[in-house]
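The values are calculated or read from the model by the stated rules, or taken from the named source; none is laboratory data. From a predicted model like this one, the values you see are computed outputs, not experimental measurements. Here the Cβ positions follow ideal geometry from the backbone for every residue, glycine too, while neighbour counts run over all protein chains shown.
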Amino acid sequence: MSTLLITGFEPFGGESVNPSSLAAVEAAQTLASKLPGVSVVSAVLPVSYRRAREAVRDLVEKHKPDVAIALGQAGGLAYVAVERVAVNLMDTGSPDNDGYAPVDEPIEPGAPAAYFSTLPVRLIVKKLREAGIPAALSYSAGTFICNLVMFELLHLSATRGWPRRAGFLHLPYLPEQAAGKRSWCGYAPSMARELLTRAVEIAALTSLERLDAGDERIPL
């Protein structure tokens with residue numbers, strides 16, 4: 001039996017909700033009913049450098065996922081961002097939910113400077129667009145805790161063999177979040193909860209289908 005791990009984050013930055021945790025839990029529930037031969041696990045991670053890293057390590061050690069897809073909120077995006085690169089760096093002007101704000105610190109001392117996603121990222125973007133969901137490749141997961149989780153998953157994959165494939169998706173605000181945020185063009189971009197959940201399902205199914213296959217170079 002294959003194992004799929006999907007993670008999201010708790011709210012942060014004064015928000016009362018985080019679309020990534022809702023999408024992670026709801027997509028996992030739907031996929032568990034559709035995929036009887038797959039063990040589907042979801043988890044909501046703390047917005048804390050230290051506690052998120054410990055949680056990821058514990059989840060991987062316990063479940064040994066074949067595929068791990070981590071999700072995070074990226075307010076201001078109007079599309080699902082499929083991340084390609086995680087860097088070995090913690091550096092933010094905003095503290096985490098524990099009040100910690102590192103500057104120029106490595107996530108894993110002695111580890112590579114960066115890891116590339118091992119999900120079929122181009123195929124995921126292609127399938128999301130075919131499903132009518134705006135999506136694009138992203139070449140920076142930032143230097144906050146989203147990047148840390150992506151890096152840690154890929155570092156565990158490289159050093160321990162699990163997860164076999166891992167990567168990260170950044171999700172836009174929900175409409176109820178965007179309704180209170182003005183931008184130069186009106187209100188901040190958002191995406192319906194149902195579309196976000198569907199995007200995660202497509203990413204997971206695509207990754208499971210390509211688990212033992214090579215990556216494809218798909219023009220986007």
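Overview of results
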item: Candidate set from region 145-170 (those that are touching a helix residue (DSSP H, G or I) at 6+ places or on another chain (Cβ under 9 Å) and part of a loop (DSSP other than H, G, I, E, B)); member that is surrounded by the most Cβ atoms within 10 Å (Cβ to Cβ); result: PRO163
item: Output for region 108-137, where each listed residue is of a type in the set (D, E, K, R) and exposed (fewer than 14 other Cβ atoms within 10 Å of the Cβ); result: GLU130
item: Residue match in region 4-25 (condition: charged (D, E, K, R) and either out of contact with any strand residue (DSSP E or B) (no Cβ under 9 Å at 6 or more places or on another chain) or outside any loop (DSSP other than H, G, I, E, B) (or both)); result: no
item: Leading residue by the ranking (surrounded by the fewest Cβ atoms within 10 Å (Cβ to Cβ)) among those in region 183-220 that are among the basic types (Lys, Arg) and part of a loop (DSSP other than H, G, I, E, B); result: ARG217
item: Leading residue by the ranking (surrounded by the most Cβ atoms within 10 Å (Cβ to Cβ)) among those in region 94-107 that are within 13 Å of PHE151 (Cβ to Cβ) and over 19 Å from the mean Cα position of the chain (by Cα); result: PRO106
item: Some residue of region 70-93 being loosely packed, with under 15 Cβ neighbours inside 10 Å, without any contact (Cβ under 8 Å) to a residue 24 or more places away in the chain and not β-branched (Val, Ile, Thr); result: yes
item: Residues (more than 23 Å from SER140 (Cα to Cα) and either at pLDDT below 95 or assigned to a loop (DSSP other than H, G, I, E, B) (or both)) located in region 54-77; result: LYS64, PRO65, ASP66
item: Region 1-41 - residue that is over 12 Å from the mean Cα position of the chain (by Cα) and among the hydroxyl-bearing types (Ser, Thr, Tyr) and, of those, farthest from LEU148 (Cα to Cα); result: SER33
item: Residue within region 171-182 that is out of contact with any helix residue (DSSP H, G or I) (no Cβ under 9 Å at 6 or more places or on another chain) and surrounded by 22 or more Cβ atoms within 10 Å (Cβ to Cβ) present; result: no
item: Condition broken by ILE145, with the remaining ones in (1) in contact (Cβ under 8 Å) with a residue 60 or more places away in the chain; (2) over 14 Å from the mean Cα position of the chain (by Cα) satisfied; result: (2)
item: Boolean, LEU123 is part of a helix (DSSP H, G or I), under 14 Å from the mean Cα position of the chain (by Cα) and over 23 Å from LEU22 (Cα atoms); result: no
item: Any hit, region 29-50, residues being in a helix (DSSP H, G or I) and surrounded by 19 or more Cβ atoms within 10 Å (Cβ to Cβ); result: yes
item: Residue in region 166-184 that is closer than 20 Å to ALA32 by Cβ, at pLDDT 95 or above and not acidic (Asp, Glu) present; result: yes
